[in-house]
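Note sheet for the following structure.
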Amino acid sequence: VQLVESGGGLVQAGGSLRLSCAASGRTFSSYAMGWFRQAPGKEREFVAGITWSGGSTYYADSVKGRFTISRDNAKNTVYLQMNSLKPEDTAVYYCAAAFGVAGTTHLDFGSWGQGTQVTVSS
């Protein structure tokens, strides 16, 4: 599956952004999806994940209560709604796909998008 992210940009602290990830292929609904991020000089970290059906979601503690992951299998798209953004949320955000069940490490995901930059100013 090929993934293309969009929706990144510059936002002030406290603001919101919604990232989208469009997937190609007819088997999108077979994939668990996730969002990761990587800040300069830091390792890529898990942000949020969602099961193939959308029935279960899970989050990193750092974003719990502020970010929401969702998916629309009819549109082959997964979203990340980010509210109450903080400067420490600044990073390149990556969409990732895992066939079947996925965990919370980058090793669990086999397909990646090119990333979209999110910058939160203080």
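See the values below:
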read-out: Those lysines that a straight Cα-Cα span of less than 23 Å connects to Lys86, excepting residues fewer than 8 apart in one chain; value: Lys42, Lys64
read-out: Residue-normalised accessible area of the chain, given per residue in Å² at a 1.4 Å probe; value: 50 Å²
read-out: Carbon/sulfur fraction of accessible area - the chain, other protein chains in place, 1.4 Å, %; value: 49 percent
read-out: Straight-distance crosslink candidates among aspartates and glutamates, where the alpha carbon sits under 19 Å from Lys75 and sequence neighbours closer than 8 are dropped; value: Glu5
read-out: Unit charges on C-beta of K, R, D, E only; dipole of the range 7-122, Debye; value: 220 debye
read-out: Two-decimal log10 I(q)/I(0) for the range 8-122, as the Debye equation yields it once each C-alpha is a single scatterer, q = 0.11, 0.13, 0.20 Å⁻¹; value: -0.31, -0.44, -1.03
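The values are calculated or read from the model by the stated rules, or taken from the named source; none is laboratory data. Treat the numbers as computed from the prediction; the structure is a model and nothing was measured. Positions of Cβ are generated from backbone atoms using ideal geometry, with glycine treated the same way; all protein chains shown enter the neighbour counts. The accessibility values were calculated without ligands, DNA or RNA, using every heavy atom of the protein model including side chains. Shrake-Rupley method; radii C 1.70, N 1.55, O 1.52, S 1.80 Å.
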